[in-house]
Amino acid sequence: MPKVYDDIMASLNELIEMAEGKETGAIIHKRTVADLDTFTPQQIKAVRTGTGMTQKTFAACIGVSVKSIEAWEGGRSHPDGPARRILGLMKTNPHFAEEMGILLSQ
């Protein structure tokens, strides 16, 4: 599993112990969430082609319709927050969908 998964699980376990009144010795760290990226139609297509996916596969990975991908790449509409976050992850790591078990090998 990716390190981020391990970190989340460790934090959740510490919170459960704290809620149960157990001493965990944990230090709570303040975190800042990165801003959502915005994407031009050309950038969305570049992210998709960088993953090597068709519009159909890309749409299925993100959880939207093929029509949405067509509209985003055509500039007729724009992705919402969750889709923008996933696009940002795929932009940073073109293998994100495979590594997270979203895109399965045949």
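Does A59 satisfy being crowded, with 17+ Cβ neighbours inside 10 Å, among the aliphatic types (A, V, I, L, M), at negative phi and free of Cβ contacts under 8 Å to residues at least 24 places away in the same chain? So A59 passes the test.
Under the condition of being surrounded by fewer than 18 Cβ atoms within 10 Å (Cβ to Cβ), touching a Pro at 6+ places or on another chain (Cβ under 8 Å) and over 22 Å from D6 (Cα atoms), the residues counted in region 64-106 number 2.
Just so you know, in region 58-87 the residues that are touching a Leu at 6+ places or on another chain (Cβ under 7 Å) and part of a helix (DSSP H, G or I) include one that is nearest to S105 (Cα to Cα), and it is C61.
Determine, yes or no, whether E20 is surrounded by 13 or more Cβ atoms within 10 Å (Cβ to Cβ) and either in contact with a Phe, Trp or Tyr (Cβ under 9 Å, 6 or more places away or on another chain) or among the acidic types (D, E) (or both). Taking the combined requirement at face value, the residue does not satisfy it.
Only one residue in M53, M9 is at pLDDT below 95 and either out of contact with any strand residue (DSSP E or B) (no Cβ under 8 Å at 6 or more places or on another chain) or among the charged types (D, E, K, R) (or both), so which one is that? Exactly one residue qualifies, and that residue is M9. Is it the case that some residue within region 26-35 is crowded, with 19+ Cβ neighbours inside 10 Å and in a loop (DSSP other than H, G, I, E, B)? Within region 26-35, none of the residues are crowded, with 19+ Cβ neighbours inside 10 Å and in a loop (DSSP other than H, G, I, E, B). Any idea which residue in region 44-56 is surrounded by the fewest Cβ atoms within 10 Å (Cβ to Cβ), counting only those that are among the aliphatic types (A, V, I, L, M) and either not assigned by TED's automatic domain parsing to the domain that holds P79 or not in a loop (DSSP other than H, G, I, E, B) (or both)? Residue satisfying both the conditions and the ranking: A46.
The values are calculated or read from the model by the stated rules, or taken from the named source; none is laboratory data. Note that this is a predicted model, so its numbers are computed, not measured. A quick note on method: Cβ atoms are made from the backbone with ideal geometry, for glycine too, and the neighbour counts reach across all protein chains shown.
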